[in-house]
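Reading through the structure tokens given below for one structure.
The values are calculated or read from the model by the stated rules, or taken from the named source; none is laboratory data. Note that the structure is a prediction, hence the values are computed from the model and not measured. For neighbour counting, all protein chains shown are included, and Cβ atoms are generated from backbone atoms with ideal geometry for every residue, glycine included.
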Amino acid sequence: MVVPWTAPFMFEESLLRRWMEEAQAGDVASFEQLLKAHEVLVLRIAQRLLLDRDEARDAAQEVFLRLHQSLDRFDGERPLKPWLYRTTVNICHDFRRKRRRVVSLEAASNASSLGPSPYAQLATQERWSLVERALETIPERERDAIVLRDLEGLETAEVAAILGTSESTVRSQISKGRLKIRQFIESQGRRKA
């Protein structure tokens, strides 16, 4: 069954579950549908965590490779998204540890969303670039919590489950991270003045 590409949130859980069952039974087309249904989600999270488009693509490929390798062990009754979130976060951690390199601000700017006019585009791009530079300065755990909660819009309980920690720890990480980001942005504003 071929379904036109769409965002992951537009698929019903029953359809995703069916594709999972069929993929577990060896149906390659169903696995490809699972991949298509979730590729934007995984890539977006990876870009926000790694701040590099090429690295994010590599990380997303690794996520789906691991999904394929663990199909036989995956519980089809459980939703796939939490597993994808957790695996994406873990793989991004691995990528950051392996590469230990400076993130290209140019690549980070390319990942930003653009507004309708050239002025809005520039303002949006500058704001996103500033936020990304601020994200680079905060500890990994705080960045993970902020990306999942603030940028991905997950509930605190979901973030805690994905990161394997308590809700109070997530709230603390988000609070500390937001404060550090605010301080970074304010310090950048003072430098321009």
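Before moving on, here are some points about what is shown:
- In the set Val89, Val40, only one residue is under 26 Å from Ala134 (Cβ atoms) and surrounded by fewer than 17 Cβ atoms within 10 Å (Cβ to Cβ); that residue is Val40.
- Among the candidates Ala157, Ala161, residue that is surrounded by fewer than 12 Cβ atoms within 10 Å (Cβ to Cβ), at pLDDT 90 or above, under 23 Å from Thr88 (Cβ atoms) and not polar (S, T, N, Q): Ala157
- Applying a threshold of 9 Å to beta carbon distances and a minimum spacing of six or more residues, or different chains, the list of pairs starting in region 164-178 at a residue that is in the same structural domain as Gly153 (by TED's automatic domain parsing) and ending at one that is outside any helix (DSSP H, G or I) and surrounded by 15 or more Cβ atoms within 10 Å (Cβ to Cβ) reads Gln173/Thr165; Lys176/Ile138; Gly177/Ile138.
- So Glu39, is it in a helix (DSSP H, G or I), in contact (Cβ under 8 Å) with a residue 12 or more places away in the chain and more than 17 Å from the chain's Cα centre (by Cα): no
- Failed criterion for Leu65 (all others in (1) part of a loop (DSSP other than H, G, I, E, B); (2) modelled with pLDDT of 90 or more; (3) not polar (S, T, N, Q) hold): (1)
- In region 65-89, the residues that are over 17 Å from Val42 (Cα atoms) form Cβ pairs under 8 Å with partners that are surrounded by 13 or more Cβ atoms within 10 Å (Cβ to Cβ) and among the basic types (Lys, Arg), at six or more places apart or across chains, as follows: Gly76/Arg17; Glu77/Arg17.
- Of note, Arg96 does not satisfy the criterion of being over 17 Å from the mean Cα position of the chain (by Cα) and modelled with pLDDT under 90.
- Qualifying positions in region 42-55 - within 25 Å of Met20 (Cα to Cα) and either free of Cβ contacts under 8 Å to residues at least 24 places away in the same chain or among the charged types (D, E, K, R) (or both): Leu43, Arg44
- Of all the residues in region 131-153, those that are over 13 Å from the mean Cα position of the chain (by Cα) and not in a helix (DSSP H, G or I) number 2.
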